[in-house]
Amino acid sequence: MQVSKELLQKYAELIVRTGANVQPGQVVSLAVSVEQHDFAALVIEACYRAGAKKVNVDWTFDVQSKLNFLYAEEETLAAVLPWEEAKMKQMTEELPCRIYIASDDPDAMDGVDPQKLSAVMQSRSRVMKPYRNAIDGKHQWVIAAYPSVKWAKKCFPALSDEEAVARLWDAVLTTVRVSEDNDPVAAWKEHTDFIERKAAWLNAQGFSSLRYYSANGTDFTVELIPGARWEGAGAVNSVNGAFYIPNMPTEEIFTSPLAGKCEGTLVAVKPLSWNSQLIEDFAITFENGRAVSCRAGKGQELLERMIHMDEGAAMLGEVALVPKESPVNQCGFLFYETLFDENACCHCALGMGFKEVLPGGDDLTMEQAQDKGINDSIIHVDFMIGADDLAIDGVRPDGSTAPIFRNGTWA
Ligand code: ZN
């Protein structure tokens, strides 16, 4: 399949209008690989057609990133330079619309010392995080994907370059609901309405905890934060009220659970790609809300390092519901990209939670959100637990229960 310019234009428009929902007079900050310059041009033009005041582009290049890690010193890479910090500070004032096009080779960092990679990430995140927290909920953003050859070959190693890219395009366009003859804006409206109805039902139930069971060994209970909301599909910029869709595709309804309040074992049903490396056949056991042990058929050491990244890395920041009928799951292969893989089935995330699920959460500092039970960490790593037989019950404060999921889908 050769993707036509018309289809690419349709996709670019969808990302800008429905995803980021660029408003007249807004500054847009676009992050995209140098390899995708032709598609970047379509996105830039779509932004201006939507009325953008100015589009700035941060060109990324994963080959350069790898060379930096191979040749530059850890201290050099870990340092956040004054101009980088100034740029982040300007972002907190300008609150640009941010569009990120994911296309990197999942193996881009192969051969790089994982210890160096996580150390650099750790110290850079420490400096950048306050700025990220400051713009949280106050700007529109979207992540969407563009298949590169290396990414496609990672998913389909047996196919030729051309066939692999065609297969990945096919999957990407299916999951983002773009086809030659459809109206993707209408398709997204129907999809987000469905998700919002389910989220409204969950919010009306007022569950105080969730119980998970599966024959694979998942046996888990997690407490929820009283008053915290289930959210899905869209979000609202609290400054200008613009509705935007942060992830394309998106299938999940999620909330942040009460940090430090869960017990039991979660068994992963799909491999996890973290820092360009795979963790497979794994399970994590929690006691008093913290991951106390884990086992993995592959990548055990990596999983342990992840859990020990900082104080909050051993606690959950997210629980998400995704039915097994998800188009991402139906594609039937691992995308090696969280944007897709986390939308395949039910998952949890270790690390940072979302303060925006709290009433008035956008205006809370991360410390205030933490006091109310939101987890904080420099990591946020989703792992899939949505087995085909997964059952989830909601438990209300009075002890009554209601089925939420049966056999991996809405009950
Ligand atoms: Zn999620």
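Bear in mind that the values in this text are calculations on the coordinates, not laboratory data. Small disclaimer: the values here were computed from a predicted structure and weren't measured. In this analysis, Cβ positions are derived from the backbone assuming ideal geometry, glycine residues included, and neighbour counts consider all displayed protein chains.
With the dipole of the chain worked out from charges on the C-beta (+1 for Lys and Arg, -1 for Asp and Glu) around the Cα centre, which of Ile143, Leu117, Gly51 lies farthest toward the positive end? Comparing the listed Cα positions along the dipole, Gly51 ranks first.
Cβ-to-Cβ counts within 10 Å put Lys116, Lys5, Lys298 in ascending order as Lys5, Lys298, Lys116, the fewest first.
Any chance you could check the Cα centroid distance between segment 103-122 and segment 148-196 for me, in angstrom? Measuring centre to centre over Cα atoms gives 26 Å.
The alpha-carbon atoms of the chain define a convex hull whose volume equals 137 cubic angstrom per residue. Taking the Cα centre of segment 5-175 as reference, the dipole from Cβ charges on Lys and Arg (+1) and Asp and Glu (-1) amounts to some 720 debye. Using just its DSSP H runs of length 4 or more, each adding -39500 (n - 2.57), the chain gives a mean residue ellipticity at 222 nm of -10000 deg cm²/dmol after division by all residues.
Label separation (Asp193 vs Arg211): 3.6 nm, computed from points 7 Å beyond Cα along the C-beta direction. Length available on full extension from Arg295 to Ser125: 0.36 nm per residue minus the Cα-Cα distance, which gives 58.5 nm. In terms of the mean number of neighbouring beta-carbon atoms within 10 Å, the peptides 318-328, 388-398 order highest first as 318-328, 388-398. Think of each Lys and Arg Cβ as +1 and each Asp and Glu Cβ as -1; about the Cα centre, that makes the dipole of segment 229-326 roughly 40 debye.
Tell me, what is the FRET efficiency for Asp110 and Gln90 to the nearest 0.05, using R0 = 35 angstrom and their Cβ-Cβ distance as r? Calculated transfer efficiency: 0.50. As a rough guide to protection, the peptides 24-32, 123-131 ranked by mean Cβ packing within 10 Å, highest first, stand as 24-32, 123-131. Ranking Gly361, Phe333, Pro257 by how far each Cα lies toward the positive end of the dipole of the chain (charges on Cβ) leaves Gly361 at the top.
For segment 139-276, the equivalent ellipsoid derived from the Cα gyration tensor has semi-axes of 32, 24, 14 Å, listed largest first. The modelled label-to-label distance for the pair Glu325/Val34, using points 7 Å beyond Cα in the direction of Cβ, is 4.6 nm.
Dividing the Cα radius of gyration by the Kirkwood radius, what Rg/Rh value follows for segment 5-175?
Answer for segment 5-175: 0.99.
Taking amide hydrogens as placed 1.01 Å from N in the peptide plane, the amide H of Trp274 sits under 5 Å from those of Ile279, each at least 5 positions away in sequence or on another chain.
Look at the dipole of segment 5-175 built from charges on Cβ: of Tyr131, Leu159, Ala102, the Cα furthest out on the positive end belongs to Tyr131. Each Lys and Arg Cβ is given +1 and each Asp and Glu Cβ -1; about its Cα centre, the chain then shows a dipole of about 660 debye. Inter-label distance, Val239 to Glu263: 4.5 nm, where each label sits 7 Å from its Cα along the C-beta direction.
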